[in-house]
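The structure appears right after this line, and notes come after that.
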C-alpha cells in the first residue's frame with residue numbers, strides 16, 4: 001500500500017511539490033521552534049523582543065521591496081531558453097536585493113523618529129542589522145521561488161534544512177561564547193541565511209538548468225518585466241502577506257518589545273498552519289503555468305489533509321506548548337493562539353481562491369480580495385491592541401480572514 005501511495009505521489013506533481021514545500025515549512029517551523037525555545041530560555045524577554053521586532057521590520061521591508069520577482073519566476077522560467085533563464089534569475093535577484101537594501105536604509109533612518117519603541121534602530125548597529133537581515137530575507141525568498149517555478153521542491157527542502165540547522169548551530173555558538181544580547185540573536189539568525197543563499201547562487205543554477213549561471217550583464221533588460229510584476233503579482237503579494245509581517249511591527253509600536261516577544265512566539269507556533277495553504281497555492285499556480293490541468297478542489301483536499309491534525313493539537317494543547325518557553329508565554333498568548341488556529345480555515349479559502357484567479361490573469365480581483373483582509377486585520381489591530389493586548393491582534397486577524405473568505409463565497413455565487 002505504501003509503495004502504491006509513493007508511486008501515485010511521484011505521478012501527482014501538485015501533491016508532490018505541495019508536500020515538499022510544506023515539508024520545507026515544517027522543517028523551518030519545527031527547527032525554528034527549537035531555535036526560539038533555546039533563545040527564550042537563555043536570553044531575557046526584552047532582548048528577545050528587540051530581536052524579533054527587528055526581524056519583523058526586516059521581513060516587512062523585504063516583502064515590500066522585493067519587486068515581486070518570485071512569482072515572476074513562476075510565470076516566466078518554465079520553457080525559457082538557458083540564456084534567458086540566467087538573465088531572468090540574475091535580474092530578479094540583483095535588482096530585488098538592491099531595492100531591499102535601499103528601502104531598509106530609508107526605514108532604518110525614519111522609523112525611530114516616528115515610533116519610539118523602535119529607538120534601537122538608531123545608530124550604526126541597528127541600521128546595519130536591519131539592512132543585512134532584510135537583504136538576506138529577500139535573497140532566500142527569491143531563490144526559493146526559483147525551485148518552486150521548476151517544481152523542484154526537493155532542492156528547496158534541502159536548502160532550508162541546512163539553513164534551519166545552521167541557525168541553531170550559530171545560536172549555540174554565540175551562547176557558548178557568552179553573548180546574550182539581541183545583537184547576538186540577530187547574528188545567529190541572519191548569518192546562516194546569507195551563507196546558504198551565497199552557496200545556492202554558486203551551485204544552484206547549474207543543477208536546475210544545465211549551462212545556466214548568474215551574472216550581472218544584461219539585467220537592465222529585466223526592468224520592464226519587473227515593473228509589470230510590481231503592478232501585478234507584487235501588489236497581490238503585498239496585500240496577501242502584508243498583515244502577517246506587519247502585525248509584529250504594530251505590536252511593538254503599540255505595546256513595546258517585551259509584549260512583542262509574547263506575541264511573536266504564539267504567532268510562530270500558529271504559523272505552521274498559515275504556511276500550508278500558501279505553499280499549496282504556490283504549487284497550484286506553478287502547475288497551471290506548466291500547463292497542468294489542476295483543480296482548486298484537489299488543492300483544497302491537500303490543505304485539509306495537512307492542516308487538520310496539527311490544528312487539533314494546537315487547539316487542545318496550545319497552552320502546554322507555549323509553556324515550554326515559560327509560564328508567562330502561555331498566560332499571555334494562549335487565547336491569541338486559539339484565535340490564530342481558527343483563522344487558518346478562512347485563510348486557506350482565500351489563498352486558494354487567489355491562486356486560482358491569479359492563474360486566470362484576474363489580478364484586479366486578487367488585489368481587491370487581499371486588500372479587504374489586509375486593511376481589516378491591520379486597522380482593527382491598531383484599534384484593539386492598546387485595550388486588549390496581544391489578544392486584540394488575534395481578534396483582528398480572525399476578523400480579516402473571515403471577511404475575505406465570505407467575499408470568496410460571494411464572488412463564487414455571483415459567477
Exposure proxy check: 114, 303 ranked by fewest other beta carbons within 10 Å? 114, 303
Volume of the Cα convex hull of region 107-205, divided per residue and given in Å³: 112 Å³
Among 172, 130, rank each residue by its count of other Cβ atoms within 10 Å, from fewest to most, as a rough exposure measure. 172, 130
Based on alpha-carbon centroids, what's the gap between region 147-173 and region 342-415 in Å, whole number please? 29 Å
Length gained, residue 203-residue 179, 0.36 nm per residue minus C-alpha separation, equals 5.3 nm
Tell me, what is the Rg over Rh of region 12-414, with Rh the Kirkwood radius over Cα pairs? 0.94
Take region 331-378, drop everything but the C-alpha atoms, weight them equally and run the Debye formula without solvent; then report log10 I(q)/I(0) at 0.13, 0.18, 0.23 Å⁻¹ to two decimals. -0.39, -0.63, -0.84
How are the Cα pair distances of region 197-316 distributed, in percent, across 5 Å bins from 0? 2, 8, 10, 12, 16, 17, 15, 11, 6, 2, 0, 0
Estimated inter-spin distance, residue 320 and residue 297, nm [label 7 Å along Cα→Cβ]: 3.9 nm
Kirkwood-based Rg over Rh for region 300-415 (C-alpha set), two decimals? 1.04
When 366, 132 are ordered from fewest to most other Cβ atoms inside 10 Å of their Cβ, what list results? 132, 366
Just to confirm my numbers, what's the Cα centroid distance between region 245-318 and region 30-75 in Å? 15 Å
Which residues does a label at residue 213 reach in region 165-203, if reach means a backbone N under 14 Å from a point 7 Å past the Cα toward the Cβ? 201-203
With each run of n ≥ 4 DSSP H residues scored as -39500 (n - 2.57), what mean residue ellipticity at 222 nm is computed for the chain after dividing by its residue count and rounding to the nearest 500 deg cm²/dmol? -29500 deg cm²/dmol
Expressed as a whole-number percentage, the relative contact order of the chain with C-alpha contacts under 8 angstrom and at least six residues apart is 22 percent
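Laboratory data are not the source of any read-out in this text; all were calculated from the coordinates shown. Being a predicted model, the structure only gives us computed values, none of them experimental. Because the Cβ atoms are built from the backbone with ideal geometry, glycine has one as well, and the counts that use them run over all protein chains shown.
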